[in-house]
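The values are calculated or read from the model by the stated rules, or taken from the named source; none is laboratory data. Being a predicted model, the structure only gives us computed values, none of them experimental. Note that each Cβ is placed from the backbone with ideal geometry, even for glycine, and that neighbours are counted across all protein chains shown. To get the accessible areas, we keep the full protein, side chains included, count just its heavy atoms, and leave off ligands, DNA and RNA. Shrake-Rupley method; radii C 1.70, N 1.55, O 1.52, S 1.80 Å.
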Amino acid sequence: MAGYLDARPRVGYFYTGKTGSQLLTEKIKKIKVAEFTSMPVVVQDSATVYEAICTMFLEDVGTLFIINKNGHLAGVASRKDLLRASMGKQEINSIPINIIMTRMPNITYCFKEDYLLDIAHILIGKQIDGLPVVKRSTNDSGLEVVGRITKTNITKAFVELAHDELL
Ligand code: ADP
């Protein structure tokens, strides 16, 4: 009965008046990125497009995060970025991934403390599949990649909510 009833000193239990749908909405709004983040898959900005394609295939992800020599977020490469780079007559064995990636400062990222619902709005609004989860480096202004939030993570959250005792 979580949420339907509340307790107050000297009053005891009382009906909160909230509907199941109101309680569900409250619950969704409280979910943080940290609860559903996945491990990030990163490649160095010196890696070739070919190496990036191999990493994406072997790690079974749709988005790679590119880091610079300091280990900070430098860019993002999606499936279609890599497909596009493979379509022309370019030599994918020699072109570095940093030539074709979407680069900082144009990367949309998030923090573990952000709300998952806000990330869902960003993914829809920007028409992208995922965001790197970052933390600020303690030494400088760089961003360290600590996780990955994609549409799949949000689907998992959706399924988990359906299994919740509230429903
Ligand atoms: P795909 O290109 O395979 O459809 P996306 O929709 O995720 O995959 O990516 C679309 C474009 O947006 C790509 O050029 C990609 O580099 C870029 N992109 C993906 N994720 C981000 C992000 N978090 N921030 C900025 N650009 C991104």
message: Quick check on the chain: helices-only [θ] at 222 nm, where DSSP H runs of length 4 and up contribute -39,500 (n - 2.57) each and the sum goes over total residues. Nearest 500, please.
response: -10000 deg cm²/dmol
field: Neighbourhood net charge (15 Å Cβ-Cβ; Lys/Arg +1, Asp/Glu -1) for ARG136
entry: -2
task: Keeping all protein chains in place, calculate the accessible area per residue for the chain (probe 1.4 angstrom), answer in Å².
output: 64
query: Using the alpha-carbon atoms, what tilt in degrees (0 to 90, nearest 10) does helix 20-30 show relative to the longest principal axis of the chain?
result: 40
message: Just to confirm a number: summing +1 for Lys and Arg and -1 for Asp and Glu over residues other than SER38 whose beta-carbon lies under 10 angstrom from that of SER38, what do you get?
response: +2
query: Taking 0.36 nm per residue of separation and subtracting the Cα-Cα distance, what length does fully extending ILE99 through TYR15 add?
result: 24.2 nm
statement: Taking 32-40, 137-145 and ranking on average Cβ neighbours within 10 Å, highest first, one gets 32-40, 137-145
- request: Whole Å is fine, so just give me how far the alpha carbon centre of region 60-106 lies from that of region 111-167.
  value: 21
task: Just need log10 I(q)/I(0) for region 82-167 at q = 0.11, 0.12, 0.13, 0.18 Å⁻¹, Debye formula, equal scatterers on the alpha-carbon atoms, no solvent, rounded to two decimals.
output: -0.46, -0.54, -0.61, -0.93
field: Spin-label pair MET87/ALA34, simplified geometry with 7 Å Cα→Cβ offset, distance in nm
entry: 4.2
- line: Per 5 angstrom bin, beginning at 0 and ending with the bin that holds the maximum distance, the Cα pairs of region 1-156 fall in percents of 2, 9, 16, 17, 15, 11, 8, 6, 5, 4, 3, 2, 1, 1, 0, 0
query: Share of the chain's accessible area from carbon and sulfur, percent, 1.4 Å?
result: 54
Computed accessible area, LEU83, all protein chains, 1.4 angstrom probe, square angstrom: 110
field: Nonlocal amide H pairs with GLN44, under 5 Å, H built at 1.01 Å
entry: ILE67
- line: Given pairs LYS29/LYS156; LYS18/LYS151; LYS80/LYS135; LYS27/LYS80 and cut-off 24 Å on Cα-Cα distance, the over-length ones are LYS18/LYS151; LYS80/LYS135; LYS27/LYS80
